[in-house]
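These notes concern the structure reproduced below.
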Amino acid sequence: MPCDLMLIAYDGSEHAKRAIEYAGRFLTANRAVVLTAWEPMVRQAARISGISGMVQPEWVPDEEMEDIAYTTAREINAEGVHLAGLAGLNAEPRTEEFSGSVWHAVVEVADELDVDIIVAGTRGATGLRALVHSSVADAVLKHCHRPVFLVPPVQRAQAHENGHNQHAVK
C-alpha cells in the first residue's frame, strides 16, 4: 500500500540521485515532493567572509536581479523532479530558502507537509571527517520524528567494478 506523501531531499549530488533511484525501486507514494534547500548569496558571502576573518563586503544585490543561488536551486530541483519521474514517482517541485541549516529546512518542510517518509542520500563519511562535517542526512535522522529512508553511497570497489564493466561492454 503506498504512502500518501514522500519528501525527497535533493541537492543534485550523486548521492541524492542514487536516493531517488532507490526510492523509486523500493517505495511507493501517491505524491513525492522533491525539496531543494538554498541559501541566498548575500548570506553565503557573509558566512564565508566571517569564517575567513575577512571584512564583510558591503554587497547588496540588485532587487531587479534574481539571486543566482535561487536560480541554481530551481535548476537542481527541476533535475530532481525529472529523475523522480523517471523512477516512477509522481513528483512535484519545492525549493526552500534556509537561514540556519539544510537539515533544519528539510525537517521543517516535512513537518509543514506532514509527510509520511523522508528520502535522502548519504555521503558515507566516517571517522574524523564524519565528526568534523556532520551530514544533512544524519541530522535529519536525529531531529525528525518521521520515518527516514537513507541511501548510502556506492562502495568504492563496487563503483570501480561498475565503471570497469561499463568500459568492457562498449
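The residues packed around Val140, meaning those with a beta-carbon under 14 Å from its beta-carbon, carry a net charge of -2 if Lys and Arg are +1 and Asp and Glu are -1.
Full extension of the chain between Phe26 and Asn90 yields a length gain of 21.6 nm, computed as 0.36 nm times the residue separation minus the alpha carbon distance.
Each reported figure results from applying straightforward, stated rules to the coordinates on display, with no laboratory input. All of these numbers come straight from a predicted model, not from anything done at the bench. Because the Cβ atoms are built from the backbone with ideal geometry, glycine has one as well, and the counts that use them run over all protein chains shown.
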